[in-house]
Amino acid sequence: MIERMVLQASSYAASVDGLILLITVLVGFWFLMAEGVFFWLIFKFREKPGRKAMYITGEKKSHKKWISIPHGLVLVCDVFIIIGAVKVWYNVKQHLPEPDYEVRVIGQQWAWVFQTPGPDGVLDTDDDIQTVDKLHVETDKTYHFKLESRDVIHSFSVPVFRLKQDAVPGRSITGWFHPTRTGTYDIQCAEICGIGHGVMAGQIVVHDAPEYASWVSDNAAAQ
Amino acid sequence: MSTDAAVMQFEVRPEPGPGKKLLPDGVMGMVIFVFTEVMLFAGLISAHTIVRSRAAGEMWPPYGQPRLPLEETAINTAALLLSAVVIFFAQRAFRRGVGSARWTFLASIVLGIFFVASQGMEWAALLGEGLTMQSSAYGGFFYLIVGTHALHAVAAMLGMVWAWLRMSKGTLTQSQFSTVQVFWYFVVLVWPVLYWKVYL
Amino acid sequence: MAEAAAVGAHEHHHGPQGILKYIWSTDHKIIAMQYLFTGMFMAVIGGFMAYVFRMQLAFPGLPVPGYGVVSPGEYNALVTNHGTIMIFWVAMPVLIAAFGNFLIPLMIGADDMVFPRINRLSYQVFLISAILILVSLFVEGGGFGGAWTAYPPLSSVSDYNLTKLGSSIWLVAVALEFVAFLLGGINFIVTLMNARAPGMKAYDIPVVVWMIVIASILFMLSVGPLIAGAVMLLFDQTLGTGFYDPTRGGDPILWQHLFWFFGHPEVYVVLLPALGITAEIITTFSRKKLFGYKIVIFTAVATGVLSFFVWAHHQFIAGIDPRMANIFTVTTLLISVPIAELCFVYIATLYGGSIRLTTPMLWALAFIGEFLIGGVTGIFLGASGADIYFHDTYFVLAHFHYTFFPIAIIGTFAAFTYWFPKMFGKMMNDTLGKIHFWGTIIPFNFIFIPLFVLGLGGQHRRIYNYQNFPELAEMQPLRVLATGALIVMLVFQFVFFWNMFKSWRSGEKAGKNPWKANTLEWTTDSPPPHGNWPADDMPKVYRGPYEYSVPGRDDDYWPQNIPG
Amino acid sequence: MWVVALALVALALLPEPGFACPVCFDPNDEHRQAFLATAIFMTVLPLGMVGGVGIWLRKRLRRLDDEEAPPEPPANDPS
């Protein structure tokens, strides 16, 4: 559903979209049913001369079942949604697969600063590459990001990855992503961070392996 | 269902008498207000617990900050608790219309004033030792929580003095007394919790 | 004549006369009017703000007619204060304070609130808070622009938000508003407990009164931690403490917990009164007993209880423990059960009725139909896995407007058109009412359905110009559509004001009970005199509030105060 | 209902070496426990207070009903 509007560019994007589809189906069924019954009743029982309304208390068992059966079914649907949601959540936020690379993402008013490992592939060494507003990554590699903030709360959001995590000052938050598709995509700041919030746009550039290698060597040389 | 049967299902109620009040208006209003206040202190204590846990492994109170006077405050706490006991007896005496209720009530007010005054002296001493709201989160929470309590204690004192004056004039009603009493119980009973969380 | 007698019988009620009567009155009906019209005035301001920032989004950078060019700082201040005003100065005062004050004593057969002077104080504090929030927009540096959630450190450090004065005044105004509702809430709860008419048992109380009181209890229990948090935030802003400053041992996440501990129950605080109003209207105009009165009350209580367990779903991606998110997913989805049940009950009430589509009934039905959309889209956001994508997008925005708009606007119009005859003694014009109804409901959907689509497309909130984001820039036609619909909707509100004014001046006389309803407020004059009923003729209650179309009776209604 | 709630809390508290807490502030657990403990405290406290008063008022109502229409209910009976 969403993939038609926003590409799926990470390993877990499809599972998030699948969950959204599951919820849409379950919830959509109840919604259409409720609205359908609602409008039908309004039409069927509109005021007609000579017709008196019925007297139904809704306290009897035979009446209550019209409420209690849907009640139970809604609960069952909720259970399905909960299971789906927790599964996706566990996969994206709780579970950390082994990384190929680590990057550091720092939010500040009003720019993104990225620290990418240099040719040695290890973060926090002398050859690290620092970029502003553009994060270069390699496709089909698992990345850990360490999310930090220098001033206020920012939120690191990459819609095509279905990834979002707040950057909280004073903490270093770890997360992961695994790009699956090359291209240049938006990074948005999803948490209001002052008057420059609207221009705090970054980009994530996903390269294939040779392109990434040449980018690393070019930039490592430049530093 | 026949129409008669439907009408029959209505129990014919007896002519209603005047409504009953479960609690006097003032007391019930004060009880509800106290609930809000309990939640206010719950919020403050939770905030304190979270910030304190963040410093786990490090020192609490932080290095260079004065320690809080445990013993003096314990005496204050005792005075405050005693005041609650005294006001309980004052209420019993007042309900029976005993004349000495006035003096029992006054004793509990004096104990309350003693608490507020000696807390104020403690603050002055701590400020002199360099514990301020800005000096650390520790100092900030100390003044915030104890200060909020002090504000409530002063408000309760004002209420009790008002009630005492009315009692002297003979215009105080039972429910007015109970209203003030409920608030004072709240101020007294929340204090041991604060003492435990903030001082110990 | 009747009024003179009533006033005479209520000598002890005598308040100030003349113009003072309206600004220094302790009469619950006057206070209700004060809240109502202050709320309406604030709604106009909130609506104007919406117009300005929607114009900026549709036509970025161009001067907005009636305002001028919107700078990024102004944009943030506008969206922040639009949210704050609409929730705290429109939804709360109108739904709870105005209708609570007007309806509770009239519906339970009391002559006034139990603490009339506290009631007056409540409005006065509220008025001061309303003035303060408006002042905060015009001080040096501009209004506060850190979103209505005011997350620190942006809200606590003036170097970050650049609105030192604005943010402090904003915070003080919000805190004062809470104090006003605290005073009002105590009054509502005690009045219901202690001042009911003789014979009115727990299950004879109209649903709207129950709902307002349950909402007040929720408010009283949840607001404490936020006041604690607000004091800490104010000290951080003005005294230089470090409660939320991570470099000095504080914790910014702490505020989010304190805020949302109140913030989520707050949703139900405004939802329940709106549901209560709807219950009164659909039973009256379908001439039906409410389907399962006790189910409604118990479900409302269950909703209230559950609402204390769900707040952290606002913080799924805010850096809380991911294990905690699982717990809150479960509780959040569970709360859909009582809410769904309430909707089912209301729909079931329509079955077998004789539905008259008057203006208030249209509003009440629209409430159910539109609120369902808001309800079901909430499931997407409560499910933690899906929230990773939806958090802070326009999907959230559209979702809560689909709940808050039915609650605060549709619910208010339903209540206002329904009780207008009681408040002013005149009938409203039905044709103009229907024009206004359709002119509001249709554009409403055209505003927010495009915003759902934008949210699905990954557009985040509170960004003043989407041209900076290549992926979002091309969805501009949807933004223009939403803005156009908003303008149409705002224009149709003039019909309402015209109708209100005209009907008040020269409407048809209403009589005591124009809708043939059962509850006690319809047994007194319209508008009710001071003291509501003659002191020697206070109503007594003999049965429940929804005995419509009882078989074997000639009338299809059976007022609560008629014996036998 | 309560069993489910307690089971969830137990689940959240279990130390699980298998998975990390990538967003926790620091490796020591006390901060996380504090958030959980205060969350439970703040949730249970208001419900406990209102529930307690609700039960007490019901009892009082029963007692008032049992006494055959007392002329004036005692102002505040501390017993």
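Nothing in this text is a laboratory measurement; each read-out follows from the coordinates by a stated rule. Nothing here was measured: the structure is a model prediction, and the numbers come from that model. Counting neighbours? That spans all protein chains shown, and the Cβs are built from the backbone with ideal geometry, glycine included.
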Over chain B, what is the relative contact order in whole percent, taking alpha-carbon pairs under 8 Å and six or more residues apart? 30 percent
Between C:Phe497 and B:Tyr185, what's the calculated FRET efficiency when r is the beta-carbon distance and R0 is 60 Å? Round to 0.05. 0.75
Ranked list, fewest to most other Cβ atoms within 10 Å of each Cβ, for C:His399, C:His460: C:His399, C:His460
Ranking of A:Ile81, C:Ile104, C:Ile169 by count of other Cβ atoms within 10 Å, fewest first: C:Ile169, A:Ile81, C:Ile104
Can you tell me the 0 to 90 degree angle between the C-alpha axis of helix B:70-95 and the longest principal axis of chain B, rounded to 10? 20 degrees
Euclidean distance between Cα centres, the range B:27-94 to the range A:144-223, Å: 46 Å
The answer for A:Gln203, listing residues at least 5 apart or on another chain whose modeled amide H is closer than 5 Å to its amide H, is A:Lys134, A:Leu135, A:Ile187
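On average, how many beta carbons from a partner chain sit within 10 Å of the beta carbon of a residue in C:223-234?
6
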Between 0 and 90°, nearest 10: helix C:207-238 axis offset from chain C longest Cα axis: 30 degrees
For A:Glu102, C:Glu521, C:Glu140, which order do you get if you count the other beta carbons within 10 Å of each Cβ and list the fewest first? C:Glu140, A:Glu102, C:Glu521
Please report the relative contact order for the range C:123-251, taking Cα pairs under 8 Å with a sequence separation of at least 6, and give it as a percent rounded to a whole number. 27 percent
With contacts defined as alpha carbon pairs under 8 Å and 6 or more residues apart, what's the relative contact order of the range A:101-222 in percent? 29 percent
Whole-Å distance, taken between Cα centres, linking the range C:266-315 and the range C:318-358: 9 Å
Please give the peptides C:81-93, A:33-45 ranked by average Cβ packing (other Cβ atoms within 10 Å per residue), highest first, as a rough proxy for protection. C:81-93, A:33-45
Please give the average number of partner chain Cβ atoms lying within 10 Å of the Cβ of each residue in C:525-537, rounded to a whole number. 0
Euclidean distance of C-alpha centroids, the range C:79-121 and the range C:456-493, integer Å: 34 Å
Cα-Cα longer than 24 Å, checked against C:Lys289/C:Lys502; A:Lys61/D:Lys59; A:Lys141/A:Lys164; C:Lys201/C:Lys426; A:Lys65/C:Lys294; A:Lys44/C:Lys288, kept in input order, equals C:Lys289/C:Lys502; A:Lys61/D:Lys59; C:Lys201/C:Lys426
Nearest-ten-degree value, helix A:13-44 long axis tilted from longest Cα axis of chain A: 20 degrees
Over the whole of C:387-396, what's the average partner chain Cβ count within 10 Å per residue? Rounded to a whole number, please. 6
